[in-house]
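Heads up: the structure comes next, in structure tokens.
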Amino acid sequence: MNQNAIRRIVIGANMHAEIRDALRVVRPELDVRGARYTDVTAGDLAWGDAYIGFKRPPAGSMGAIRWVHCTGAGVDGWLAPDGAGEALPASIALTRTSESFGPRIAEWTLARALAITQNLFALRDAQLARQWVQREPAELRDANVLVVGTGDIGTSVARLFSAMGCSVTGVSRTGGDAAPPFNKRATVDALPELVGDAAWIVLTLPLTGSTRGLFGRVLLQRCRGAILLNVGRGGVVDEASLPEALNSGWLRGAALDVFETEPLPPTSPLWDDARVIVSPHISGITTVEGVVDGFVECLDAFGRGETPRWLVDRETGY
């Protein structure tokens with residue numbers, strides 16, 4: 001793609017004005033317009049050369065857009081939009097952000113794990129009731145932690161749990177030799193044997209054809225009182241099976257930042273279950289700086305006639 005042909009940029013994001021202003025500072029030659037992604041029009045897309053955003057605007061066709069830069073690590077909204085339209089045509093280049101969400105998502109997972117082991121919710125309730133209730137904290141140390149997905153996010157999660165003295169097994173498509181921060185590595189095929197020994201299961205997977213519904217009822221049934229943390233994509237888990245998994249003791253609890261439908265519907269039983277910690281997809285928030293840095297890096301690579309390192313492989317989905 002010729003960088004010189006990329007001049008008109010459409011931004012579809014809540015923080016579109018901030019991204020526009022930051023982009024104009026480093027690339028003043030670009031013509032930039034933006035709106036919330038739901039307000040991007042067919043006219044905007046017919047005008048633009050490139051689109052920056054996490055979600056596809058509800059305008060039907062992508063118009064004249066020849067390149068989409070996704071502002072999130074997961075690109076399933078572009079490749080598998082779940083009823084929100086067709087997948088992005090192969091003729092349109094798709095890149096993803098260069099931003100590393102691993103450290104902050106790892107902190108999210110460790111915070112939930114410590115909140116559970118340290119009984120923070122029960123202690124808070126006792127405090128508000130002015131009750132002196134002694135609850136002995138558990139320890140994370142020596143726990144078996146299964147991290148499913150060993151990319152930037154999974155490796156960051158493993159690093160923090162390993163620092164707490166946990167034994168961390170990493171699971172990926174290809175497996176590989178054990179190396180810090182992973183004590184062991186395995187392939188996805190080994191999950192039915194691995195989940196039974198895990199006290200904590202952390203999912204950091206993107207949503208692809210092979211990961212959709214991976215943690216379904218059959219696999220959940222093989223868990224033995226683990227606590228499930230999902231910071232990848234909601235569709236990786238069969239959400240409808242979670243109440244049964246909790247009531248049957250397959251899972252002891254869950255901390256969920258992603259869901260099959262977002263926002264999580266008010267009718268979901270997960271809201272009222274004290275064993276579940278719900279957060280509104282905030283474990284890894286995109287920053288303006290991250291959006292601009294990644295976009296400009298890809299723009300410059302296209303300009304040199306090179307393939308950007310953040311170009312999405314549509315076969316793997318990332």
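Here the simple spin-label model places points 7 Å from the Cα toward Cβ, and for Ala17 and Arg124 these points are separated by 3.3 nm.
Computed from phi, the 3J(HN,Hα) profile of region 113-121 under the Karplus parametrisation 6.51, -1.76, 1.60 (θ = phi - 60°) reads 4, 5, 4, 6, 5, 8, 6, 5, 5 Hz, with x in place of Gly and Pro. Its residue count N sets the reference 2.2 N^0.38 Å, and the alpha-carbon radius of gyration of the chain equals 1.08 times that reference.
Extension gain, Leu114 to Glu315, is 68.6 nm, computed as 0.36 nm per intervening residue step minus the present C-alpha separation. Apply 1/(1 + (r/R0)^6) to the Cβ-Cβ distance of Ser91 and Arg33, taking R0 = 25 Å, and write down the FRET efficiency to the nearest 0.05. Efficiency, rounded to the nearest 0.05: 0.65. Neighbour counts of other Cβ atoms within 10 Å put Leu214, Leu123 in the fewest-to-most order Leu123, Leu214. How far is the Cα center of region 249-268 from the Cα center of region 149-204, in Å? Centre-to-centre (Cα) distance: 22 Å. The translational diffusion coefficient of region 74-218, from Stokes-Einstein at 10 °C and 1.306 mPa s with a Kirkwood hydrodynamic radius over alpha carbon pairs, comes to 91 µm²/s.
So, R0 is 25 Å and r is the distance between the beta-carbons of Ser210 and Arg275; what FRET efficiency does that work out to, to 0.05? About 0.30, to the nearest 0.05.
Read-outs throughout are calculated quantities, based only on the coordinates presented, and are distinct from any laboratory measurement. Because the structure is predicted, anything quoted here is derived from the model rather than measured. Backbone-built Cβ (ideal geometry, glycine too); neighbour counts: all protein chains shown.
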